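Worksheet: the structure to be examined is printed underneath.
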Amino acid sequence: MNFKIRNASSKDMSAVLQLIVELAVFEKEPNAVEITEQSLIEDGFQGTPAFKCFVATVDDKVVGTALIYNRFSTWKGKILHLEDLIVTQKMRGHGIGTALLDEVVKYGYHLKVKRINWEVISWNNGAIKLYERQGAKVLRNWNVVHLDEKGIETYITKLN
């Protein structure tokens with residue numbers, strides 16, 4: 001299988017959005033995606049980009065993506081966050097996910113980050129095995145905390 005990994009362009013955001021929706025369906029959250037192609041273009045390619053994105057292509061068709069952004073750790077310093085690494089289901093098992101992760105790690109190394117973070121859903125054993133094979137530690141004793149938009153509004157209301 002011949003595939004290429006490259007920096008994403010704004011023209012790839014339609015395909016990236018399709019992958020995001022595919023991931024949401026896979027993770028049993030089919031109605032959770034609120035982002036649009038236009039917001040991906042604006043947030044990733046205009047002004048100060050909020051994220052960087054790599055895509056994997058086969059015959060110039062996007063079949064995978066890795067979306068990352070910079071963070072800061074009070075314990076470590078500069079870190080990189082991998083928001084999502086997605087390979088379309090029919091293309092899994094061909095090394096595309098590993099190649100995307102390789103690109104993320106090379107990018108983080110180039111930036112001299114102290115750590116690369118990401119989350120993985122507990123039942124995604126294929127992804128967990130991939131990450132552990134590559135030397136990542138899956139921290140099973142940490143809980144991810146989210147304060148969603150409604151929660152933020154409720155919080156602010158309580159402050160006032």
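Rule-based calculations on the coordinates, nothing more; no lab input. Since the model is a prediction, treat every value here as computed from it, not as a measurement. We place every Cβ from the backbone using ideal geometry, glycine too, and count neighbours over all the protein chains shown.
Miscellaneous remarks
- Rg over Rh for the range 4-118 works out to 0.96, using Cα positions for both radii and the Kirkwood form for Rh.
- Length available on full extension from Lys137 to Val25: 0.36 nm per residue minus the Cα-Cα distance, which gives 37.7 nm.
- The range 79-160: trypsin sites (Lys or Arg not before Pro) falling in loop per DSSP and having at most 11 other Cβ within 10 Å: Lys112, Lys137, Arg140
- Size of the range 66-137 as Cα extents on the principal axes (Å, biggest first): 38, 24, 18
- Estimated [θ] at 222 nm from DSSP helical runs (n ≥ 4, -39500 (n - 2.57)) normalised by residues in the chain, nearest 500: -11500 deg cm²/dmol
- Among Asn70, Asn31, Asn117, residue whose mean-square fluctuation peaks in a GNM of the chain (springs only between Cα atoms under 10 Å): Asn31
- For the residue pairs Lys106/Lys129; Lys76/Lys158; Lys114/Lys158, the alpha carbons lie more than 29 Å apart in Lys76/Lys158; Lys114/Lys158.
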